[in-house]
Amino acid sequence: MGYGLGVLLTAVGLILALAVQDSIDAVDLTMIGWILTGAGLLVLVLTAATVARGRRSEAVTTHADGSHTVTERRDDRPVG
């Protein structure tokens, strides 16, 4: 999964929901389009959340005197 899949599903879904006027017996193309659009948006949101969560890390160091130091590391390299 990734941004590409989310954009593809969203684009195909919007085309089916808004632009296709043909009908197939026992198949509602408009509803299928809206379902694909929702799935595409869900993939985009989940991908963005996963990428943002995976780019941060935190390390806790315990010193001999019992004190703790928290070091946050952020990786700003582009994902792709």
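The values are calculated or read from the model by the stated rules, or taken from the named source; none is laboratory data. In this text, all values refer to a predicted model and were calculated from it rather than measured experimentally. Cβ coordinates were reconstructed from backbone atoms using ideal geometry, including for glycine residues, and neighbour counts include every protein chain displayed. In case anyone asks, the SASA skips ligands and DNA or RNA and just uses the protein heavy atoms, side chains included. Shrake-Rupley method; radii C 1.70, N 1.55, O 1.52, S 1.80 Å.
Of all residues in region 3-15, exactly one satisfies the criterion of being over 9 Å from LEU36 (Cα atoms) and surrounded by 15 or more Cβ atoms within 10 Å (Cβ to Cβ), namely GLY6. Among the residues of region 18-47, those identified as under 16 Å from GLY4 (Cβ atoms) and open to solvent by 80 Å² or more (accessible area, probe 1.4 Å) are LEU41, LEU42, VAL45, LEU46. When region 49-80 is filtered for residues that are modelled with pLDDT of 80 or more and surrounded by 10 or more Cβ atoms within 10 Å (Cβ to Cβ), the ones remaining, listed by number, are ALA49, THR50, VAL51.
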